[in-house]
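A short reminder: the numbers here are calculations on the coordinates, not readings from a lab. No experiment lies behind these values; they were computed from the predicted model shown.
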């Protein structure tokens, strides 16, 4: 692997956790997974977002900070391979979408303090898929609380990701069009995604469309 700290990102249902798990298992990497299952506010948020958005976002922020600070502070920056299925800045992306007014302003003050103390990944690898495919993936994995998610909400979140990622200039951000990929059922698709992580990418956005890449078959 060309990068020591890899973040796999994507909208809800994009397959980021699955890809992170496959890569970490193959390369014996330190795996950092978001601990959303234990969040007491998540299911409530999807039913009543106006009541539970703030406690949800605050609980995610503090938990992500604690997890990343503990795990990443123990690694050797030059030798240890770390693969994460989230980037701390997703806190900002979701908060901007879910919070308003004084709650958003208070949240951002806390977020700015916390995020400054965490190391940044060497590369962000964003799995981009259309909303229809995201909804199919969400339905397939069968988490009850996620069945409340609307297409409009997914579209808003994906748009917020794109707006944010387009402003990153201090690290490579690789956006991969995955709507025709199935890296679980097709090993060659997984091998292709893995090969991208051995390429040199410049800082800022690079968009990869596999069907237009001569290496993809």
Residue with peak Gaussian network fluctuation, the chain [Cα springs, cutoff 10 Å], from 110, 176, 82 | 110
Of every Cα-Cα pair in region 133-217, the percentage lying beyond 21 Å is 46 percent
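Please compute the Kirkwood hydrodynamic radius over region 1-119, one decimal place, Å, based on all pairs of different Cα atoms. Display every interim value, and only then the final one.
Values: mean 1/r = 0.0656 Å⁻¹.
Taking every pair of different Cα atoms in region 1-119, averaging 1/r and inverting gives 15.2 Å.
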Compare 36, 94, 54 in a GNM of the chain, Cα atoms joined below 10 Å, and give the one with the largest fluctuation.
-> 36
Shape box of the chain [Cα atoms, principal axes, largest first, Å] | 49, 39, 29
Helix-derived [θ] at 222 nm for the chain: sum -39500 (n - 2.57) over DSSP H runs of at least 4, divide by residue count, nearest 500?
-> -15000 deg cm²/dmol
For region 16-59, max minus min Cα coordinate along each principal axis, in Å, sorted largest first?
-> 42, 16, 12
Relative contact order of the chain, defined on C-alpha pairs under 8 angstrom at six or more residues apart (%) | 28 percent
